[in-house]
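A short write-up of the structure that comes next.
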């Protein structure tokens, strides 16, 4: 039995496009869990997305888990640079 | 019996100044727990602080809790604006 998981990747679009993506995910049949993934400056947008969704649209939604991490990103000059990541799991 | 808790407020300084603040807190006698608090764009810096401290300086340190929230900030034009907040609890 596979667990239904939806992932929303957060980047540089306005925060409301990600809020809409989360709500759309939850409105799909039987979706109980949506995960927001972001890195670097988009981490703030991911947190905003979770907070706006919960406060303005889905008051019964909960943040069930938050995971921090680091990814090595290749840079133009060669070598890699460490970038922080976040995964926010939302459950209704 | 009061629990020893240290709080580091993360703002616009370079990330290494907050990493240093966290390490200094932990090196104070008997400190087992340090909390990073940030809001708005500084949320990314708080996550970077946690990740750099764990990966480069204190590999036995753990992120024991993360709490998201929203604060109403007054704006110049009158009224308030919602700003997301994060609290990252670090434990050794």
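Each reported figure results from applying straightforward, stated rules to the coordinates on display, with no laboratory input. These figures come from a predicted structure and were not determined experimentally. So basically every Cβ, Gly included, is an ideal-geometry build from the backbone, and we count neighbours across all protein chains shown.
Working from Cα positions, state the angle (0 to 90°, nearest 10) between the long axis of helix B:42-52 and the longest principal axis of chain B. Result, in degrees: 10. With label points set 7 Å from Cα along Cα→Cβ, the inter-copy distances at residue B:76 are 3.4 nm, sorted shortest first. In chain A, helical runs assigned H by DSSP with n ≥ 4 each contribute -39500 (n - 2.57); averaged across all residues and rounded to the nearest 500, the mean residue ellipticity at 222 nm is -8000 deg cm²/dmol. Structure remark: mean-square fluctuation, Gaussian network model of chain B, C-alpha springs under 10 Å; the largest value among B:62, B:13, B:32 belongs to B:13. The mean number of Cβ atoms from other chains found within 10 Å of a Cβ in peptide B:41-52 is 6, as a whole number.
Comparing mean-square fluctuations of B:28, B:70, B:80 from a GNM of chain B with C-alpha springs under 10 Å, the top value falls on B:80.
Across peptide A:79-91, the average count of Cβ atoms from other chains found within 10 Å of a residue's Cβ is 2. Average 1/r across all pairs of distinct alpha carbons in chain B, invert it, and you get the Kirkwood radius: 13.9 Å. Considering only B:55, B:39, B:81, the mean-square fluctuation computed in a Gaussian network model of chain B, springs between alpha carbons under 10 angstrom, is largest for B:81.
Each distinct pair of alpha carbons in the protein assembly as shown adds a 1/r term; the inverse of their mean, the Kirkwood radius, is 17.6 Å.
Using only Cα atoms, find the angle between the long axis of helix B:15-27 and the longest principal axis of chain B, and express it within 0 to 90 degrees, rounded to the nearest 10. Roughly 50 degrees, rounded to the nearest 10. Calculate the FRET efficiency for residue B:64 and residue A:31 from the Cβ-Cβ distance with a Förster distance of 25 Å, rounded to the nearest 0.05. Step by step, r from the Cβ atoms, then E = 0.30.
Across the identical copies, the 7 Å label point of residue B:9, projected outward along Cα→Cβ, sits 3.8 nm from its counterparts, in ascending order.
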